[in-house]
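See below for the structure under consideration.
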Amino acid sequence: MSLFNVNLFVACGSDSDGEDGGASDNELKTLAIGLWMCIESRDTQYGQTMNGLMVGKEIFIYANNTYRSTSSSFGYTGTYTLSGNTITAKSSSGTFVVTVKINGDQMVWEGTASNGVTFRYVFKREIDEGSSTAITPPNQ
C-alpha cells in the first residue's frame, strides 16, 4: 500500500531559449514525445516524504496531444496542452499542471498535485521522438 496517491502529468521545458526565455511549444512537444521511465522520485504530503514511489513507472507521450502510462497516479490515459514550459493534462483523475525541464535523455517534473502532494520526478528516455512507436498511439 502506498503512502501517497499522486495525480499529475508531465509538463516539459528545455534548456534551450526561445524569444521569451524558453523553448517554443512545438520544440517542447518534440522534446517530450516518446517513452520515459521514472528513475528517481520524491513525494511529500503532510510533512512526510516518500522516496522512490514512482520509480519504474513509464509514461508514453504522443504527438497527437495524448498520453498513456503504467501508473494509476498519472490517470493511465489522458490529453495535454502546452503553454510555455508547462503542460496541462486532463485524465479521469482530474486536471494537472506541472513544470518540467528536459536535458538530453532526462526529463524532470516538479510541482504540486491537486491533492496537495509536492513532487520531483526524474525520467530517463527509453524511446525518443524519432520512433514511430512514440509518435503514433496504439488503437484504443
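The set of residues in segment 38-49 that are open to solvent by 60 Å² or more (accessible area, probe 1.4 Å) and within 22 Å of G94 (Cα to Cα) comprises R42, Y46.
Inside segment 97-140, residues that are modelled with pLDDT of 85 or more and at positive phi make up a count of 1.
Among the residues making up segment 81-121, those that are touching a Ser or Thr at 6+ places or on another chain (Cβ under 9 Å), outside any strand (DSSP E or B) and polar (S, T, N, Q) are N85, S92, S93, S114. Among residues that are part of a loop (DSSP other than H, G, I, E, B) and surrounded by 14 or more Cβ atoms within 10 Å (Cβ to Cβ), L35 is not included. Residues that are under 22 Å from I127 (Cα atoms), more than 13 Å from the chain's Cα centre (by Cα) and without any contact (Cβ under 8 Å) to a residue 40 or more places away in the chain were ranked within segment 75-112; the one that is surrounded by the most Cβ atoms within 10 Å (Cβ to Cβ) is D105.
F60 meets each of the listed conditions (1) assigned to a loop (DSSP other than H, G, I, E, B); (2) open to solvent by less than 50 Å² (accessible area, probe 1.4 Å); (3) modelled with pLDDT of 80 or more apart from (1).
The values are calculated or read from the model by the stated rules, or taken from the named source; none is laboratory data. Since this is a predicted model, take the numbers as computed values, not measurements. Note that we place each Cβ from the backbone using ideal geometry, even for glycine, and neighbour counts take in every protein chain shown. All accessible areas refer to the heavy atoms of the entire protein, side chains included, with ligands and DNA or RNA removed. Shrake-Rupley method; radii C 1.70, N 1.55, O 1.52, S 1.80 Å.
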